[in-house]
Amino acid sequence: MSVSAMDTMSGKLGLIDLKYNNPRKHISISIPSKTEDMSPHIKSVDELRVLGINLSSFSQPAQFSICVVGVFVFYLIYGYLQELIFSMEGFKPFGWYLTLVQFGFYSMFGLVELQLTQDKSRRIPGKTYMMIAFLSVATMGLSNTSLGYLNYPTQVIFKCCKLIPVMIGGVFIQGKRYNLVDVSAAVCMSLGLIWFTLSDSKVAPNFNLTGVLLISLALCADAVIGNVQEKAMKLHNGSNSEMVLYSYSIGFVYILVGLSCIGGLGPAVAFCAQHPVKTYGYAFSFSLTGYFGISFVLALIKLFGALVAVTVTTGRKAMTIVLSFMFFSKPFTFQYVWGGLLVIFGIFLNVYSKNMDKMKLPSLADIGQRIMSGKKTRPLSQTV
């Protein structure tokens with residue numbers, strides 16, 4: 001075989017830099033382009049299904065709309081049921097046990113969904129899942145436990161302030177860079193929700209330092225977990241059902257061991273045995289809607305990133321607060337309205353930032369320059 005024929009064959013096989021007179025031979029394999037044939041396994045990775053819906057067959061705006069509707073519908077029901085459970089007399093000390101039951105249901109739901117998919121292999125390493133499970137336990141466990149010390153709107157308001165920690169986590173974990181509009185959006189949303197908190201403290205003081213500490217720790221864990229999930233899913237092409245199954249099943253073991261060690265398992269089981277329908281029945285519906293909501297949140301993270309997912313969930317939480325005032329009797333003040341308007345403005349800034357390049361919208365700096373130039377030319381036109 002001639003040298004030219006060997007070069008041609010090596011070019012077809014993607015072998016590069018194969019030199020015979022060099023004692024250190026280097027072989028690199030080229031990656032096929034999207035137009036070339038790929039294995040069925042790699043093709044299946046590109047399919048993103050949520051509750052049986054193949055989002056890959058829709059356009060990007062349609063994908064975003066479906067995910068947003070799913071997050072709002074299921075998480076609004078989730079929030080209502082969560083507040084309903086903790087409104088039961090005597091249930092507030094058992095927030096960690098509710099998290100244990102919730103993780104158990106999530107694991108079963110994830111196992112069923114994974115069995116219905118074609119690809120049942122685990123792609124994300126076990127060490128990564130142990131970290132995600134720990135963060136999930138911290139996020140949901142501390143959040144549920146804080147409801148024993150704080151009222152529900154205050155707890156939701158604190159959780160909404162995670163937009164800035166998510167951005168900070170994106171910078172340090174994934175090396176992301178955010179523009180001025182994204183930072184302004186996060187600041188507006190956080191200030192608006194803090195205004196909610198201050199208003200609530202005036203009209204219905206129900207603050208407890210323990211509750212504030214618990215929800216603050218949950219906020220920090222929640223800020224990290226979105227970035228870790230996004231990085232793991234993009235790096236290893238893990239599916240949503242795989243992420244839910246392994247992270248929550250490992251988290252279930254964490255909580256079970258923890259409750260057994262501190263002796264908190266017996267009293268919780270005894271209390272729930274006295275009220276099985278209101279505890280386990282609500283917990284099942286609460287977990288089912290939460291599981292559906294998590295599926296859409298993970299799809300948002302995989303398709304649009306952690307910051308967009310947090311922005312959508314923050315808007316959902318603001319709506320949850322409104323519904324909480326509607327369905328559960330609470331004092332009201334118009335300062336809630338001003339804080340809500342500030343949150344809405346922050347959401348608008350974030351959406352505007354995400355669509356500036358796609359829709360060729362002017363940046364805020366350009367708008368500011370146009371306004372300033374208009375002010376400078378106006379006196380001149382008046383004198384003429």
(message) List the residue pairs whose Cβ atoms are under 9 Å apart, where the first residue sits in the range 149-178 and is under 17 Å from Lys231 (Cα atoms), the second is of a type in the set (Val, Ile, Thr) and at pLDDT below 75, and the two are 6 or more positions apart or on different chains.
(response) Val166/Val310; Met167/Val310
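A quick yes/no check of all residues on (1) of a type in the set (A, V, I, L, M, F, W, C); (2) at pLDDT below 90; (3) surrounded by 19 or more Cβ atoms within 10 Å (Cβ to Cβ):
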{"site": "Ser241", "(1), (2), (3)": "no, yes, yes"}
{"site": "Tyr246", "(1), (2), (3)": "no, yes, yes"}
{"site": "Ile250", "(1), (2), (3)": "yes, no, yes"}
{"site": "Gly258", "(1), (2), (3)": "no, no, no"}
{"site": "Ala270", "(1), (2), (3)": "yes, no, no"}
{"site": "Lys278", "(1), (2), (3)": "no, yes, no"}
(request) Could you tell me whether any residue of the range 295-309 is at negative phi, surrounded by fewer than 18 Cβ atoms within 10 Å (Cβ to Cβ) and modelled with pLDDT of 80 or more? (result) yes
(message) Please count how many residues of the range 73-127 are more than 16 Å from Val244 (Cβ to Cβ) and in a loop (DSSP other than H, G, I, E, B).
(response) 7
(message) Out of the residues in the range 166-180 meeting the condition of being surrounded by 14 or more Cβ atoms within 10 Å (Cβ to Cβ) and not in a helix (DSSP H, G or I), tell me which one is modelled with the lowest pLDDT.
(response) Lys176
(request) Run down Gly290, Gly315 and say which single residue is closer than 19 Å to Val71 by Cα, at pLDDT below 80 and either of a type in the set (S, T, N, Q) or surrounded by 20 or more Cβ atoms within 10 Å (Cβ to Cβ) (or both). (result) Gly315
(message) Quick check on Ile85: is it touching a Leu at 6+ places or on another chain (Cβ under 9 Å) and of a type in the set (Val, Ile, Thr)?
(response) yes
(request) Would you mind telling me which numbered condition in (1) closer than 30 Å to Leu191 by Cα; (2) touching a residue at least 40 places away in the same chain (Cβ under 8 Å) Val322 fails? (result) (2)
(request) Among what's in the range 102-138 and is more than 17 Å from Thr289 (Cβ to Cβ) and of a type in the set (Val, Ile, Thr), pick the residue that is surrounded by the fewest Cβ atoms within 10 Å (Cβ to Cβ). (result) Thr117
(request) May I ask you to say which residue of Ala221, Ala185 is touching a Ser or Thr at 6+ places or on another chain (Cβ under 7 Å), modelled with pLDDT of 80 or more, assigned to a helix (DSSP H, G or I) and more than 26 Å from Gly110 (Cβ to Cβ)? (result) Ala185
(request) Evaluate the following for Ser260: is it of a type in the set (S, T, N, Q), in contact (Cβ under 8 Å) with a residue 60 or more places away in the chain and assigned to a helix (DSSP H, G or I)? (result) no
(message) Which pairs turn up if I take residues in the range 81-96 that are more than 21 Å from Tyr291 (Cβ to Cβ) and at pLDDT 85 or above and look for partners that are small (Gly, Ala, Ser) and assigned to a loop (DSSP other than H, G, I, E, B) with beta carbon separation below 7 Å, at least 6 apart in sequence or on another chain?
(response) Pro93/Gly148
(request) Could you list all residues from the range 263-302 that are in a helix (DSSP H, G or I) and small (Gly, Ala, Ser)? (result) Gly266, Ala268, Ala270, Ala273, Gly281, Ala283, Ser285, Ser287, Gly290, Gly293, Ser295, Ala299
(request) Name every residue in the range 48-80 that is at pLDDT 90 or above and more than 26 Å from Val156 (Cα to Cα), in order of residue number. (result) none
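The values are calculated or read from the model by the stated rules, or taken from the named source; none is laboratory data. Computed from a prediction, not measured in an experiment: that's the story for all the values here. Here the Cβ is made from the backbone with ideal geometry for all residues, glycine too, and neighbour counts use every protein chain on show.
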